[in-house]
């Protein structure tokens with residue numbers, strides 16, 4: 001495996017550990033935030049309830065995004081381990097993903113062109 005790919009693998013492993021640790025800390029804080037929610041519930045002020053709901057929705061949204069990111073990172077690591085010749089190749093068109101894109105997002109599954117097409121289709125729905 002060439003040095004560039006080995007560096008990306010190291011970066012992916014570090015990112016996976018960081019994201020997993022962040023998710024763990026967020027789930028541990030979930031217990032603390034439940035206590036805060038119980039305290040707020042005793043006040044029954046509409047603004048407190050709305051703020052608590054907004055905070056909870058933001059936290060849930062962040063967890064969902066982080067889980068998706070971790071899934072993508074693990075997918076890239078599996079690809080490197082099982083079929084390294086396919087790492088860095090677009091899963092849509094099969095062409096190589098630009099080196100700059102891989103440096104920025106080593107878990108990228110698609111080249112820029114295909115990613116833009118996918119996002120355009122998603123926005124159109």
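Coordinate-derived values only; no laboratory data. It should be emphasised that the depicted structure is a prediction, and the values quoted were computed from it without experimental measurement. Here the Cβ positions follow ideal geometry from the backbone for every residue, glycine too, while neighbour counts run over all protein chains shown.
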Ranked 87, 4, criterion: other C-beta atoms within 10 Å, fewest first | 4, 87
Ranking of 18, 72, 81 by count of other Cβ atoms within 10 Å, fewest first = 81, 18, 72
Given 0.36 nm per residue, what is the gain on full extension from residue 50 to residue 92 after removing their alpha carbon distance, in nm?
-> 10.9 nm
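Give the calculated FRET efficiency between residue 2 and residue 60 to the nearest 0.05, with a Förster radius of 41 Å applied to their Cβ-Cβ distance.
With a Förster radius of 41 Å, E is 0.55.
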For residue 78 and residue 112 in one chain, what is 0.36 nm times their gap in residues minus the Cα-Cα distance, to one decimal in nm?
-> 10.1 nm
